[in-house]
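Notes to accompany the following structure.
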Amino acid sequence: MGKKIATVITDMFEDIEFTNPAKAFKDAGHEIITIADEKGKQVVGKNKEATVTIDKGIDDVDPNDYDALFIPGGFSPDQLRADDRYVAFAKHFMDEKKPVFAICHGPQLLITAKTLEGRDATGYKSIQVDMEYAGAKVADEEVVVCQNQLVTSRQPDDIPAFNRESLNLLK
């Protein structure tokens with residue numbers, strides 16, 4: 001039975017950190033629903049290799065309707081965390097112990113949601129100290145799985161491990 005994966009994304013996302021996991025999730029039978037400010041808007045990756053048409057606006061979604069949350073990296077998570085709607089949306093998944101997949105700068109949204117305290121995690125090198133200040137136990141490893149709920153990775157090179165562990169949690 002495929003899961004519904006909410007994906008919060010906006011312009012300047014790291015192209016491959018969205019396209020590769022999204023393809024892996026879809027190939028495994030899961031549904032990816034992209035969420036940004038408004039349905040139908042097109043967002044463009046920072047390398048301009050991917051353009052994504054948004055499925056739902058943030059004001060039109062209920063986190064209870066989704067099984068998991070995916071946060072691609074790049075500059076997108078830093079922009080999203082400035083908006084309380086995305087912070088509350090992400091916090092719901094962490095508080096409800098639903099699967100959360102955050103790669104590269106993705107954990108920035110979880111820092112702002114104040115949901116990393118006491119959690120094992122990783123992220124892009126430049127945000128690891130921020131994660132530590134947020135109370136996370138940071139490991140500089142290709143993938144970290146915490147409490148059978150949170151999957152984090154550091155960078156595009158880690159995508160195979162990120163996909164593998166994310167798909168394991170969706171089983």
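The values are calculated or read from the model by the stated rules, or taken from the named source; none is laboratory data. Remember, predicted model here, so these are calculated numbers, not experimental data. Methodologically, a virtual Cβ is constructed for each residue, glycine included, from the backbone with ideal geometry; neighbour enumeration extends over all protein chains shown.
Below is a table of values for the structure above.
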item: Cβ-Cβ under 7 Å pairs, at least 6 apart or on other chains, region 1-13 side more than 11 Å from ILE58 (Cα to Cα), far side of a type in the set (Lys, Arg); result: MET12/LYS46; PHE13/LYS46
item: Subset of region 1-45 (residues that are surrounded by fewer than 16 Cβ atoms within 10 Å (Cβ to Cβ), more than 25 Å from LEU169 (Cα to Cα) and of a type in the set (Lys, Arg)); result: LYS41
item: Filter result for ALA113 (over 12 Å from the mean Cα position of the chain (by Cα), at pLDDT 95 or above, surrounded by 20 or more Cβ atoms within 10 Å (Cβ to Cβ) and over 25 Å from LYS23 (Cα atoms)); result: yes
item: Boolean, PHE89 is in a helix (DSSP H, G or I), surrounded by 17 or more Cβ atoms within 10 Å (Cβ to Cβ) and in contact (Cβ under 8 Å) with a residue 40 or more places away in the chain; result: yes
